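So the structure is just underneath, and the comments pick up after that.
The values are calculated or read from the model by the stated rules, or taken from the named source; none is laboratory data. Nothing here was measured: the structure is a model prediction, and the numbers come from that model. Neighbour counts are summed over all protein chains in view; Cβ atoms, including those assigned to glycine, are modelled from backbone coordinates with ideal geometry.
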Amino acid sequence: MINGMIVDKSYQAVTGRKAEIIDKAMGVDYSKYERDGVAFDYEAMMNDTGYTLADHIRIQRQHNVGNTPIFELHNLTALARKYAAPGKGARIFVKDEASNPAGSFKERRAAASVYHAKKMGYKGVIAATSGNYGAAVASQAAMQGLKCIIVQECYDSHASGQPEIIEKARKCEALGAEVLQLTVGPELFYEVLVMLEETGYFNASLYSAFGVGGVETLGWELGHQFLERYGRHPDVVVCANAGGGNLTGTARGLIKAGCPAQVVAASVDLKGLSMASDKQFNRKSFTTAHTGFGVPYATDPDHSDVPRSAARPLRYMDRYVTVKQGEVFYITEALATLEGMEKRPAGNTSLAAAFSLAQEMDQDQIIVAQETEYTGAGKHIQPQLAFARQNGIELLFGDPADEIPGTNIVFPADPGLLKARDADLDHMRASLIRRQVRNATAPITDADVAYLVEETKSDEAFVRKVLATL
Amino acid sequence: MAKKNDWVRIHRNVLEPQERTGKLPEDTKQVPLEMWVKGRLQNETAEIGDEVTIVTSVGRTEHGRLIEVNPCYELNYGAFVPEILEMEGRLRSALFGGDRA
């Protein structure tokens, strides 16, 4: 009996049924968006959900999501100006997404997914996430009366868990969800498929058009809030980048609000650490908003739990900067001690970048870090740094440029040493192009080139130059 | 000893090392994919370490080795990290001057 089950649920068998399972668990036929060649119709997929921006706003208002305040950070602005050239140092703002019911912007991604699942008659929702998205889905499922399963990558092989992930498990359970906790490995998505097949629940994927469409309200609010309060648009909006949905949705919302702000991605630099490594799992002090997700998902958005990801950040990114772990912990402490706001570190990734980028901008300009997230036992600088030290990571003051992920965390000895560093965006664009044409079965057409221009926010000359190198 | 309907936590290996995907770092390849989940015990009685069946909060039946009865959260704010106080002092002094640090 058990043998039969094992054969049926083997990794190969289950992943082989992925298309069929996802089709049943989402009611979306992704094949209809495929075009000849390498292209697919992204806008058709985004528009096909049946939910417009106005619908997302209505659903979110109905479920207490969004309409979060913007705060001007006067003291951080004053501090940045001390290290900027005369006349430089833009006004720094933050959008307080921690004031959503489950404590993060992720609830914007969850609201429509849960709403849609209920409308379609699903009894529950499932999401694969070690992050705030779990709490967001659990919160919306609680509010809208559906069951909820969250599948987390949580522990290493010694059952040692990242404190911030354990806190998120607690929160999900507090909101009524079942939490399946796994050890390190990409088979998280396998386990989700097993659960979807077993329960018949809806796949509340982070990468669906429902989810990413929901983040458009954030960009739309930013566009309107600054106009209403200050009579002008922000100049730069910084988005923490991991899976890409935050930046994609925000940028689409800004465009819909008519806001011309430059969109900058920011990720914590975890270069050299493997995300799927059992031994390195607990040597990192950030479990999200880092380059370990940010770079691979930007250059290969379709390796998620849906056939075509709605999160395609390179379509919208004007610039990509990285910050060090020590810099994000430092700005988190600065936010507490200079601005009186205690928030969780990962959500301050964009703020760390904004503090540095503001110093390049004029004083009458505005830069916004577009999120904060809730903090508490586990997800707070104190337990995260204590956990790092316990795992042999050295904590020191100095130049964060010297930080080696997995070995040390270097806090800026002086605020002037906090520097957002530019990542090579053209390199990432070229990487995306190479990946997408790798499996092409026919010669690349003009339509393919036009699609790749959109995918990379570049131009025809750039795409053709990359194609010529293949 | 745990009794039927007690809230418990169980553990089992979902995939043994040889059953995992090939696309893994060497260290992860050597270890199984493990799972932990909570629910109500279905066995009449059980001891820690027994193979048991549970029903989870969404009503799903799961099986595994009993590891905890009445599982609690033990997360906290961790050991004291003096560098945090040091950051606070340096930040205050950078903005307000030494006497306010």
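Computed values, structure above
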quantity	calculated
Flag if B:THR45 is in contact with a strand residue (DSSP E or B) (Cβ under 9 Å, 6 or more places away or on another chain), modelled with pLDDT under 95 and among the hydroxyl-bearing types (Ser, Thr, Tyr)	no
Spans of strands (runs of 3 or more DSSP E) in segment B:8-101 with at least 1 residues within 8 Å of another protein chain (Cβ to nearest Cβ) and in contact with a Cys (Cβ under 9 Å, 6 or more places away or on another chain)	B:33-41
Residue in segment A:401-410 that is closer than 30 Å to A:GLU221 by Cβ and over 20 Å from the mean Cα position of the chain (by Cα) present	no
Residue identified as touching a residue at least 40 places away in the same chain (Cβ under 8 Å) and buried (at least 24 other Cβ atoms within 10 Å of the Cβ) among A:LEU180, A:LEU222, A:LEU175, A:LEU188	A:LEU222
Residue within segment A:339-359 that is within 11 Å of another protein chain (Cβ to nearest Cβ) and either in contact (Cβ under 8 Å) with a residue 24 or more places away in the chain or surrounded by fewer than 24 Cβ atoms within 10 Å (Cβ to Cβ) (or both) present	yes
Residue satisfying all of: in segment A:296-338; under 20 Å from A:GLU34 (Cβ atoms) and of a type in the set (Asp, Glu); modelled with the highest pLDDT among these	A:ASP300
Residue in segment A:197-219 that is farthest from A:THR49 (Cα to Cα), counting only those that are crowded, with 24+ Cβ neighbours inside 10 Å and of a type in the set (Gly, Ala, Ser)	A:GLY219
Which listed residue, of A:GLY131, A:GLY176, A:GLY124, A:GLY161, is within 12 Å of another protein chain (Cβ to nearest Cβ) and at pLDDT below 95	A:GLY161
Of all residues in segment A:9-31 being part of a helix (DSSP H, G or I) and among the hydroxyl-bearing types (Ser, Thr, Tyr), the one that is surrounded by the fewest Cβ atoms within 10 Å (Cβ to Cβ)	A:SER31
Some residue of segment A:254-261 being more than 20 Å from the chain's Cα centre (by Cα), within 23 Å of A:LEU314 (Cβ to Cβ), in contact (Cβ under 8 Å) with a residue 40 or more places away in the chain and in a loop (DSSP other than H, G, I, E, B)	yes
Residue in segment B:35-44 that is among the acidic types (Asp, Glu) and under 30 Å from A:PHE189 (Cβ atoms) present	no
Top-ranked residue in segment B:55-101 [being without any contact (Cβ under 8 Å) to a residue 40 or more places away in the chain, surrounded by 18 or more Cβ atoms within 10 Å (Cβ to Cβ) and small (Gly, Ala, Ser); ranked as nearest to A:ILE381 (Cα to Cα)]	B:GLY78
Qualifying positions in segment A:139-158 - of a type in the set (S, T, N, Q) and at the interface with another protein chain (Cβ under 10 Å from one of its Cβ atoms)	A:GLN152, A:SER157
Qualifying residues in segment A:225-251 (those that are surrounded by fewer than 24 Cβ atoms within 10 Å (Cβ to Cβ) and either among the basic types (Lys, Arg) or within 12 Å of the chain's Cα centre (by Cα) (or both)) - the one farthest from A:TYR42 (Cα to Cα)	A:ARG229
Per-region count, segment A:180-213, residues among the β-branched types (Val, Ile, Thr) and in a loop (DSSP other than H, G, I, E, B)	1
Segment A:300-329 - residue that is of a type outside the set (A, V, I, L, M) and within 17 Å of A:PRO383 (Cβ to Cβ) and, of those, farthest from the other protein chains (Cβ to nearest Cβ)	A:GLN325
Among residues of segment A:292-304, those that are within 11 Å of the chain's Cα centre (by Cα) and among the hydroxyl-bearing types (Ser, Thr, Tyr), counted	1
Flag for A:ALA111 being more than 26 Å from A:GLU197 (Cβ to Cβ), crowded, with 18+ Cβ neighbours inside 10 Å and in contact with a helix residue (DSSP H, G or I) (Cβ under 8 Å, 6 or more places away or on another chain)	no
Residue that is out of contact with any strand residue (DSSP E or B) (no Cβ under 6 Å at 6 or more places or on another chain), of a type in the set (Asp, Glu) and at negative phi, where the choices are A:ASP402, A:ASP422, A:ASP414, A:ASP318	A:ASP414
Filter result (of a type in the set (A, V, I, L, M, F, W, C) and under 18 Å from A:TYR320 (Cα atoms)) within segment A:429-439	A:ALA430, A:LEU432, A:ILE433
Identity of the residue in segment A:375-406, more than 8 Å from chain B (Cβ to nearest Cβ) and touching an Asp or Glu at 6+ places or on another chain (Cβ under 7 Å), that ends up surrounded by the most Cβ atoms within 10 Å (Cβ to Cβ)	A:LYS379
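The rows are residues; the columns are (1) crowded, with 24+ Cβ neighbours inside 10 Å; (2) more than 14 Å from every other protein chain (Cβ to nearest Cβ); (3) of a type in the set (A, V, I, L, M).
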| site | (1), (2), (3) |
| --- | --- |
| A:TYR33 | no, yes, no |
| A:ASP36 | no, yes, no |
| A:GLU43 | no, yes, no |
| A:ASP48 | no, yes, no |
| A:GLU72 | no, yes, no |
| A:LEU76 | yes, no, yes |
| A:ILE92 | yes, no, yes |
| A:SER99 | no, yes, no |
| A:SER104 | yes, yes, no |
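The rows are residues; the columns are (1) within 14 Å of chain B (Cβ to nearest Cβ); (2) within 17 Å of A:TYR320 (Cβ to Cβ); (3) more than 22 Å from the chain's Cα centre (by Cα); (4) loosely packed, with under 14 Cβ neighbours inside 10 Å.
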| residue | (1), (2), (3), (4) |
| --- | --- |
| A:ALA369 | no, yes, no, no |
| A:PRO412 | yes, no, yes, no |
| A:ASP422 | no, yes, no, yes |
| A:THR441 | no, no, yes, yes |
